[in-house]
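Before any comments, here is the structure.
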Amino acid sequence: MNDWRRLGLLFFIVSLFQIVSSAKDARKIENIDRTIDLSKSFVTEKVVIKLNKARWDTLELIFPLQQYESLAQVQVEDSSNHLLVVQKEQDTEALFRKFVVVLNSTTEDTVKVTSLYMNCLKPKPPVIPNDADQYLYYENYVRYYCPYEVKEQKTTINFPHSQIHFSDQEKLPELSVSGKKAYLGPYKKVPARDSMTFGVRFLHNIPLLTGIQVVNTLKSSHLGWMQVFESYELENKGAKSKGGFSRLDFQSNSKYYKQVVEDVVARLPSEASDVSYKDYVGNITSSHLRGPDRSKGRILQLKFRFPLIGGWKNAFFIGYRVPSKKYLKSLGSNQYQLRVHIPPSIRSMVIEKYVLKVALPEGAKNIVWNYSVPAAFDKMYNETLFDLLDIQGRTLLVFEKRNMVPTDKNWGSLVITYELGMWNLLEKLLLPVTFVLVLLACLSLISRLSLYWRDDSEASNSLLLSNLYSLHCALSNTYKEAIYNFSTLKGPVSAEQFSSSYTCVHSHLKELELQLEYLNKTIASSGNAKWVTVANQLTEIYKAKHEILQRWYSTTRSKLSNLSSLEKEIGQLSQHLEKENVKLEKWLLDIQDEL
Amino acid sequence: MKKNAVGMQTQPFVNYTKTIWLSTKQQQLLFRFAVLLIACCVSFCIRLFAVIRYESIIHEFDPWFNFRATKVLVEQGTFEFWNWFDSASWYPLGRIVGGTVYPGIMYTAATIYHILRALTFPVDIKDVCVMMAPLFSCFTNIVTYFFTKQVSDPTAGLFAACFIAMVPGYLSRSVAGSYDNECVAITAMILCFFLIVKSVHTGSLFWSGLTCLAYLYMVASWGGYVFITNIYPIYVLVLILCGRYSHRLYVAYSTFYVIGTLLSMQIRFVGFQAVQSSEHMGALIVFVLLQCYCFVNWIRYLVPRDVFVTISRIFLLVVGTMFILAAFLATATGYLGPWTGRFYSLLDPTYASKHIPIIASVAEHQPTAWGSYFFDLHILSMLVPAGIYFCFRNINDGVIFLILYGSFAAYFAGVMVRLMLVLAPAACVLSGIAFSKLLVPNVTQLRKWEQNTEQTGHDARTTYKRVESKLSGSKKSAKSLETSHDSGWMKVLIYILLGGSMLVLFAYARHCVWVASEAYSQPSVVLSARTSLGERVFFDDFREAYYWLRYNTKQDAKILSWWDYGYQISGFANRTVIVDNNTWNNSHIATVGRVLNSPERKAFQICKKLDVDYVLVIFGGALGYSSDDINKFLWPIRISHSVDPTVDESAYLTADGNYRVGEGAGPALVESLMYKLCYYRFGEVQFDRGNPAGYDKVRGEVIAKKKFKLRYFEEAFTSRNWLVRIYHVKDLPNIG
């Protein structure tokens, strides 16, 4: 029994000690000063946290899921404006996401947390008449949501307009509204995870221009230019207009469609050239390019095809190129460093999904990438891209970010280091040159080969052959004429007529024969065996024909009285001659082909 | 362009230039190659006006469908394309695209695209499609050269190639961006002609087989293949009647008919039409006739004359009876299809306007005006008769084909504006022959005088000339050429002739360039005009509105518009359309016409039945764009009248029968949906300082009814210059 009492006492003492020590070490927040800015299309929440004297190695920030979904960026600075490292913890809780800030030293007592939210301003009502004002609705916690107890805190909300309506205004403690500002608090002794919310509706005629998906593709090259190609898919998430879009009202009265976006501005580097502005159906002619201006670079003013009123979507691309020497640096020994800007060139909107793609030259190895802003991207993977003259394809680094507010300041650059062999650099140049050279060499070889085969080195030979050819053409024509003449000799024919017709043809043939002999002699003297055979064969054909003709003449002259048999003979003759002619023509064609 | 004209002229001179390192033959080859190359370059470049002035964009209407189909082919592959059922057009019927399309051009583009990709050139399919027409015009040059060389001589071929490089009649359909069937089909057609002539000249199976392949390509690319299907049998018939029948012809045609028909049946759109429809019957009849003729010839050799006469009589009687019987049976059983309206309108130009308003409503189906012959052919229209004359002077089988082709093409071009395209190559070839026959002998003569040759007897070339001149039977001319050796005035005459033809060629080139730049290089999707300061301004309203549709309507929204814009809407906006330019269903189009010409309430009812979400109208009254829907409105009325006789055209006209929108406009017109959608709130605006509010710039009058409200439709979008107006069809009220 006594033992039990002793044990109980010991337990009591130990637990008391524990309580005391924990009370001494308890991490509490002395003061929170929160400012919410609602004047833009995204929401900036700045929280100044004053920590108590306890030992703070880390500071936890928690975001309820709904808030986390619209969270674009968290940045934590210490009292001397140095950025602190923020790490996202693994999703352990279903309804919350946790970030851990690593505090550098124990002496730190003030921390500034800046978080940007997008897509958390909703038009209310969602559909308004064409000439009405747009009201936006915003919801947040009355007290800053944190896992620590807070001694005192207050909130200031900046509105763009003095038309402000809090829902259930009377239920909100310590609320005061003056002009364009509203104050909540100060609240004393706020327990951890206090989840009271407020909702506010305020007048704000701003287009809620949102990039549904923005893809920025960079193609780096060692041959002078870096290509940049950005594709945008935009939506104006402002209040929709009731009853469609009236061009007349839009053109004639500025009171209508106050939440419209007609154009946006893209800021390009001052060296940008060959700027294009297109969409899926072609060029868009309504744009202006200004600059280059020393401080701002070039400014490209892009007018949309149609004004973007509430609820409307649009998609387009812009492209340009910049000299790559500004972004590409050689580190020696085939090492190269590429430095690219992270945000896209149009920054006057919020982006739901941002994809940055960087194509490295074909054959890049040992790729290392690094970016100065911590947690700038959510996801990173590699793809292969096939571009001009790519055989293996080039590495495409893809960086993805959900929710992005591409304001000018807070984006650093992405640094990629890689190794590229000399051969890979030259390959692109040598490949087409080699191809053309090989092609020419082949052509030349083929033509030379065929020349040799044709044995056409002497121009006179060619001339001879062409003459031979033309002569045989003439012969062939004479035969055709002869056949034609004889076949027209139908009906009663006088012997004189017949013989005169024959002699006419015969004299022609004689003359041609003489020439043919002369030519054959010349060919024989040229000493080309192939031609001699060709010429001989042709002569043989010719002789055969002539013989047929002569034989027929001698036999038919006597039969002139018997017309029917004559007709039959003519038929036979023309058939014979036709056959021979076909042969001759075949020869001629062969020669022609050779010529 | 000048360079080209000069290039054609210098040919005879360069031909004989003595150089140390090239034989005459090689020089000739080089020269021909150079001229063809220049012609190809010219023909490619002259078609790029639209790309340079506007951008690389698909033009007009039909090319948009071809482009869309090509994208399907490239992205989804052959089988998907073959089985493609397009539910996004002709809603709710849909269209079986795979079986109702000539796929030649799509496959060609896809092949080029894949080849370029394989050669590591990552081209965009759009750019391939845009550049198809200029590319094929280069091929046309080459093929025309070979065709002309086959029927006449190489010089004429070079002339023809240079002519066709920039003839406006062909250029109109083949500028960069007009990605239409015709741009490939003309190449295929001339290739077919070349191979037909070649196969008839040689009688070789090889060339006949190639003819069949070319014919297959032609069938795959254009409905105009019927022209070849009919002209070849006619040619065969003419040759037989001229007594020029030969075994070569028999081989060529029989091969062509059997294999060609089988091949053409492989194209799904043609299929069994190739043996069933009346358009193809001519070829069959001639085929049978040719067999009979051959058979009769054979018999003639076997039997004596008197028996032959009896046999042939019996034979003819039997064949004739069988033929008539077969034709009667086929027609009665419906095996033979009826002749289509487009074919009738070829034979009778007034047929379409009497019976089929949908054919007549197309501008390019109108008969040709006289002026357009000169506009589209320029000097060629004058040179064609000369070409035909020279053809008759030097007749052979090929030339007969050319004469036939030329005369048929001339007739068809007169019937339909569109078929000027078929006439243009014929005109080029004939003019090429005319030019070469005019110039070459004279230039040769000139050279002869200059050379003052002595070795007449030994020079084989002169021998040949003499032989030729004797053979052609014109001994007189040969003599006169020799005797006029020193007559100076002949020289002057020849110089005048040369100078004159230079001038003519120069004028031709200038005209072609001017036509290409001013008349035929508009994409018609983007409009442009010049301001008073000479600056070019663009009106991009079509794309503005279509792009709006693409991104700001539901994915399955149905758009109703007059059929002209169907292809563009599905191409640009990727939305379902009710009717489009493939006018295969007359009653569907008539229904759409009925929507547009009905009063609002009735139109709304039809719209709801058709499940329409948006109605799109083209209205040019604010901008001064004259080919808008109001000006076309009589066609919707007529077409819907052909289906629904209650539509009365006279109710849309003024009391004295005129078509006006101003004071005194027809009562039905003012009440019609078209009028209301076009002029909705138009009367409230004053566009120009000088004109009153509601002044229609196209019609040049103040509209009849300025103030009205829409009950069943609401304005959804109007483009910047009011050119395209889109209305949303309101939902039915919740209660009754």
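Each reported figure results from applying straightforward, stated rules to the coordinates on display, with no laboratory input. Owing to the predicted nature of the structure, the values given are computational and were not obtained by experimental measurement. Quick reminder, even Gly has a Cβ in these numbers, built from the backbone with ideal geometry, and neighbours come from all protein chains shown.
At-a-glance table
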quantity	calculated
Residue satisfying all of: in region A:239-254; of a type in the set (A, V, I, L, M, F, W, C) and within 10 Å of chain B (Cβ to nearest Cβ); nearest to residue B:679 (Cα to Cα) among these	A:248
Residue in region B:523-535 that is touching a helix residue (DSSP H, G or I) at 6+ places or on another chain (Cβ under 9 Å), at positive phi and of a type in the set (S, T, N, Q) present	yes
Condition check for residue B:723: touching an Asp or Glu at 6+ places or on another chain (Cβ under 6 Å), closer than 26 Å to residue B:558 by Cα and not aromatic (Phe, Trp, Tyr)	yes
Selection within region A:247-279 - farther than 30 Å from residue A:326 by Cβ and surrounded by 15 or more Cβ atoms within 10 Å (Cβ to Cβ)	A:247, A:248, A:249, A:250, A:256, A:257, A:258, A:259, A:260, A:261, A:262
Residue count for region B:369-396, restricted to those that are buried (at least 20 other Cβ atoms within 10 Å of the Cβ) and not in a helix (DSSP H, G or I)	1
Entirely in region B:580-679, the helices (runs of 4 or more DSSP H) that have 1 or more residues that are of a type in the set (Val, Ile, Thr)	B:586-597, B:600-610, B:629-632, B:634-643, B:667-671
Residue in region A:330-340 that is more than 14 Å from chain B (Cβ to nearest Cβ), more than 25 Å from residue A:299 (Cβ to Cβ) and outside any strand (DSSP E or B) present	yes
Strands (runs of 3 or more DSSP E) completely within region A:31-90 that count 1 or more residues being buried (at least 19 other Cβ atoms within 10 Å of the Cβ)	A:43-51, A:58-64, A:71-78
Output for region B:560-581, where each listed residue is surrounded by fewer than 24 Cβ atoms within 10 Å (Cβ to Cβ) and among the acidic types (Asp, Glu)	B:564
Answer residue from region B:93-130, given it is basic (Lys, Arg) and part of a helix (DSSP H, G or I) and is farthest from residue A:385 (Cα to Cα) among those	B:126
Residue satisfying condition, being away from every other protein chain (no Cβ under 14 Å), part of a loop (DSSP other than H, G, I, E, B) and surrounded by fewer than 21 Cβ atoms within 10 Å (Cβ to Cβ), within set B:731, B:688	B:688
Residue match in region B:89-98 (condition: touching a helix residue (DSSP H, G or I) at 6+ places or on another chain (Cβ under 8 Å), aliphatic (A, V, I, L, M), away from chain A (no Cβ under 14 Å) and more than 28 Å from residue B:615 (Cα to Cα))	no
Residue in region B:584-609 that is surrounded by the most Cβ atoms within 10 Å (Cβ to Cβ), counting only those that are over 10 Å from residue B:639 (Cβ atoms) and of a type in the set (D, E, K, R)	B:600
Restricting region B:507-560 to residues that are of a type in the set (Phe, Trp, Tyr) and not in a helix (DSSP H, G or I), the residue that is nearest to the chain's Cα centre (by Cα)	B:520
Subset of region B:382-438 that is among the aromatic types (Phe, Trp, Tyr) and under 24 Å from the mean Cα position of the chain (by Cα) - its residue that is farthest from residue B:173 (Cα to Cα)	B:401
Filter result (over 16 Å from residue A:36 (Cα atoms) and of a type in the set (Phe, Trp, Tyr)) within region A:143-180	A:148
Hey, residue B:96 hydrophobic (A, V, I, L, M, F, W, C), crowded, with 23+ Cβ neighbours inside 10 Å and at negative phi or not	no
